[in-house]
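Worksheet: the structure to be examined is printed underneath.
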6 protein chains.
Amino acid sequence: MTGTAAQHDIDSPENLARRRHGQSVLSEIDGHQGEAVIDSLADINPALGHHVAAFSFGDIYDRPGLDPRSRQLVTLGILTALGGCEPQLKVHIGAALNVGISREEITEALLHATVYCGFPRALNATFVAREVFAERDATPAS
Amino acid sequence: MTGTAAQHDIDSPENLARRRHGQSVLSEIDGHQGEAVIDSLADINPALGHHVAAFSFGDIYDRPGLDPRSRQLVTLGILTALGGCEPQLKVHIGAALNVGISREEITEALLHATVYCGFPRALNATFVAREVFAERDATPAS
Amino acid sequence: MTGTAAQHDIDSPENLARRRHGQSVLSEIDGHQGEAVIDSLADINPALGHHVAAFSFGDIYDRPGLDPRSRQLVTLGILTALGGCEPQLKVHIGAALNVGISREEITEALLHATVYCGFPRALNATFVAREVFAERDATPAS
Amino acid sequence: MTGTAAQHDIDSPENLARRRHGQSVLSEIDGHQGEAVIDSLADINPALGHHVAAFSFGDIYDRPGLDPRSRQLVTLGILTALGGCEPQLKVHIGAALNVGISREEITEALLHATVYCGFPRALNATFVAREVFAERDATPAS
Amino acid sequence: MTGTAAQHDIDSPENLARRRHGQSVLSEIDGHQGEAVIDSLADINPALGHHVAAFSFGDIYDRPGLDPRSRQLVTLGILTALGGCEPQLKVHIGAALNVGISREEITEALLHATVYCGFPRALNATFVAREVFAERDATPAS
Amino acid sequence: MTGTAAQHDIDSPENLARRRHGQSVLSEIDGHQGEAVIDSLADINPALGHHVAAFSFGDIYDRPGLDPRSRQLVTLGILTALGGCEPQLKVHIGAALNVGISREEITEALLHATVYCGFPRALNATFVAREVFAERDATPAS
């Protein structure tokens, strides 16, 4: 069916528009780190990269109703609780800084997380935060 | 050792003060639902109830550095991602409303969660939100 | 921005088409149970219901490259491992039957799961399977 | 291959012996609750019931090297951390009492768990413990 | 009891036969990677290695009722959802290829997983798939 | 409020006393590894380090009612089941040895864990145990 084929064609005009909107949101929020994730998927799973942009950032992220700062707080909670998502925590702690959450607020959020998902998850997320802050200190112009 | 005995005595003057401060924060944030959880622990595990109040709400919750609204967003993320924490989600969705997060923001946060922990977790949290909103609609004076 | 507003308008012609395609896939796969989930979201989070249909079933589910039988096996593994997703397991065990996976294959898959996520998760999923099979036996015309 | 067919025949003399040994361990440890779980699987997944007895209790549980009390402490940690395993926690809190862990030790273990997997998981496990203790108080001869 | 001692003696004739059957299934499915895992356990926990072979692959894996392709799809779902199981994902993505699941089907399965356990888990599993495919491309005769 | 400010001041006389007690428990149990974790937090999140000591080890760990050996068994179960907590498993397997749990008991506990959280989690924890034992063999005086 033409409709279906178009819906699954990630380079159809519609999907391209959705993806491009998502990529522009992603660039604002995650900077080069988010784009790097999508680029890294080009060979292995381009459809996954498409949906990271088109769905996550295009359809969902900049919907009115919840501002980026609030979204990043929810995301930090999720990624900390899940565990094993250090690569994503790295990107999203950076995104949190980009949308105006301070370093102090991030570390407080991770301390707060000890109550709800325990000290191990909170510690592992804090180690990622330390790494992100150190990288930012090392390259201030980024 | 006297010091240790005192630290473990949940009714020592120090611990009582920490607990009372926590209980007052809890009442502001969770209303009667939070107090009900602690009361329900009186027979089975009073020390656990003590630490819910003294540590979670006394030591952590109202630390400056992260406001209650931000804390509740992190908590919603964690509880949604963990799964199986519907009792706590019920209390904390109520707390989110109490600290000024709107119903629309809550449902947006749960839609946002689909990206990071999938639709099943987000759906189950949304069903709890529906229950909380319905209860509030049924008893407007609470 | 008009483009963005359209992308977020779940009733735009584009989104309506995506959703309708998803709803038709959903009806084939999950029967009335899947539609019931989306309907149940109409009041609380219509956008979530939209994306269950438009993204999960419209964009992803019937992409060529993985057949429905294979998709349901992956889904059974995920929902069993996550735990706490009994509502979704109920729908998806039904969907597995609908796409031609036999009851024996389902129970074998859950026995297989003991190796990878342990007996508790596998047992809880098996209890849901029992419930689904019993309902089907009680209402053979469904 | 005959060897394989025998290994998969849960009623072969070898498997029957393994299962019977497991059932006898299970009766000692879990009492009637454990047997009830296996019986409940007879219609839906008898092989799963076989392996609960033959593998979990026959091959593993009474291996020398770790005593039942220690095993139950590990199990309580696992089931509390997993979440969503309230049916299994119910059986295993009972088993913990049966192998000589006191009610005080169980509630201390769940308080201890707050540190490692957070208060929500620990609270939900504590609610199950309360239920188990109440049932035992109601039927002292069990 | 002699029966028990024999059941716990991983080198008894019965257990040796179960283990050898499991090892032969493992070699077919996981190739050298699976055997390597068991070998790596020889010093630290030989009983664990025994049961990987005897239980997982001997008792469960080649039971009729679910074919290897279907089993690997369930396993991919579980390991992706669990997170933190990259070592096992590496072995099992290889096993999936060995039992005839194509690279395209594997990446589609991981895209499908975004719906049920979110993008972070699916991304991390995709990164492992990329590594496995790259190793196979580098050593075509393996 | 003075009371609150004091409760949040991690260097108040009360908090210093709670922390020092916790640090002394930590040194006994985790040796230098536990102290190293807290030291590593000094720059990034000193309050988190304070609460690891004051709450986890000062308020909870040496409460009468559950002995250290039992506590470590519960902790091993939790950390194994959570997955992704290899840094903490490393510290706590060492702590288990320190409180008198033997290497054989630790590996038996991890084999036991296969039943409740599956072979992947148990294998990953066993790999950490191997690393801990190897380090101890390499530096016998530690």
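The values are calculated or read from the model by the stated rules, or taken from the named source; none is laboratory data. Since the structure is predicted, the reported quantities are computational estimates derived from the model, not experimental observations. For neighbour counting, all protein chains shown are included, and Cβ atoms are generated from backbone atoms with ideal geometry for every residue, glycine included.
Key figures
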| item | result |
| --- | --- |
| Tally of residues being within 14 Å of chain B (Cβ to nearest Cβ), assigned to a helix (DSSP H, G or I) and hydrophobic (A, V, I, L, M, F, W, C) across the stretch A:96-109 | 3 |
| Residues of the stretch B:34-46 that turn out to be surrounded by fewer than 18 Cβ atoms within 10 Å (Cβ to Cβ) and of a type outside the set (Asp, Glu), as a count | 4 |
| Residue in the stretch D:110-118 that is among the small types (Gly, Ala, Ser), part of a helix (DSSP H, G or I), on the phi < 0 side of the Ramachandran plot and under 15 Å from the mean Cα position of the chain (by Cα) present | no |
| Cross-chain or 6+ apart pairs with Cβ under 9 Å, the stretch C:66-95 first and at the interface with chain E (Cβ under 7 Å from one of its Cβ atoms) and small (Gly, Ala, Ser), then surrounded by fewer than 24 Cβ atoms within 10 Å (Cβ to Cβ) and not in a helix (DSSP H, G or I) | C:70/E:101 |
| Number of the condition not met by residue C:139 [criteria: (1) at pLDDT 95 or above; (2) among the β-branched types (Val, Ile, Thr); (3) surrounded by fewer than 23 Cβ atoms within 10 Å (Cβ to Cβ)] | (1) |
| Residues of the stretch C:54-65 satisfying the condition of being more than 8 Å from chain E (Cβ to nearest Cβ) and touching a residue at least 12 places away in the same chain (Cβ under 8 Å) | C:54, C:57, C:58, C:59, C:62 |
| Residue match in the stretch D:102-112 (condition: surrounded by fewer than 21 Cβ atoms within 10 Å (Cβ to Cβ), farther than 21 Å from residue F:80 by Cα and in contact (Cβ under 8 Å) with a residue 60 or more places away in the chain) | no |
| Count of the stretch A:9-19 residues which are over 28 Å from residue E:131 (Cα atoms) and in contact (Cβ under 8 Å) with a residue 12 or more places away in the chain | 2 |
| Failed item, numbered, when residue D:22 is tested on (1) in contact with an Asp or Glu (Cβ under 7 Å, 6 or more places away or on another chain); (2) within 21 Å of residue C:126 (Cβ to Cβ) | (1) |
| Residue pairs meeting the criteria (Cβ under 6 Å; at least 6 apart or on separate chains; first at the interface with another protein chain (Cβ under 10 Å from one of its Cβ atoms), in the stretch A:33-53; second modelled with pLDDT of 95 or more and outside any helix (DSSP H, G or I)) | A:48/A:41; A:49/A:41 |
| Filtered residue count, the stretch A:1-32, keeping only those that are within 10 Å of chain C (Cβ to nearest Cβ), under 24 Å from residue A:88 (Cα atoms) and in contact with a helix residue (DSSP H, G or I) (Cβ under 7 Å, 6 or more places away or on another chain) | 5 |
| Residue list for the stretch C:94-116, restricted to those being among the small types (Gly, Ala, Ser) and either modelled with pLDDT under 95 or closer than 20 Å to residue D:43 by Cα (or both) | C:94, C:96, C:102, C:109, C:113 |
| Failed item in (1) at the interface with another protein chain (Cβ under 7 Å from one of its Cβ atoms); (2) surrounded by fewer than 22 Cβ atoms within 10 Å (Cβ to Cβ), with residue B:129 passing the rest | (2) |
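Residues checked against (1) of a type in the set (A, V, I, L, M); (2) more than 17 Å from residue B:77 (Cβ to Cβ):
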position	(1), (2)
A:16	yes, yes
A:20	no, yes
A:42	yes, yes
A:47	yes, yes
A:52	yes, yes
A:62	no, yes
A:65	no, no
A:107	no, no
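Table: residues versus (1) crowded, with 22+ Cβ neighbours inside 10 Å; (2) modelled with pLDDT of 95 or more; (3) not small (Gly, Ala, Ser).
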position: E:8; (1), (2), (3): no, no, yes
position: E:28; (1), (2), (3): no, no, yes
position: E:32; (1), (2), (3): no, no, yes
position: E:52; (1), (2), (3): yes, yes, yes
position: E:57; (1), (2), (3): yes, yes, yes
position: E:66; (1), (2), (3): yes, yes, yes
position: E:81; (1), (2), (3): yes, yes, no
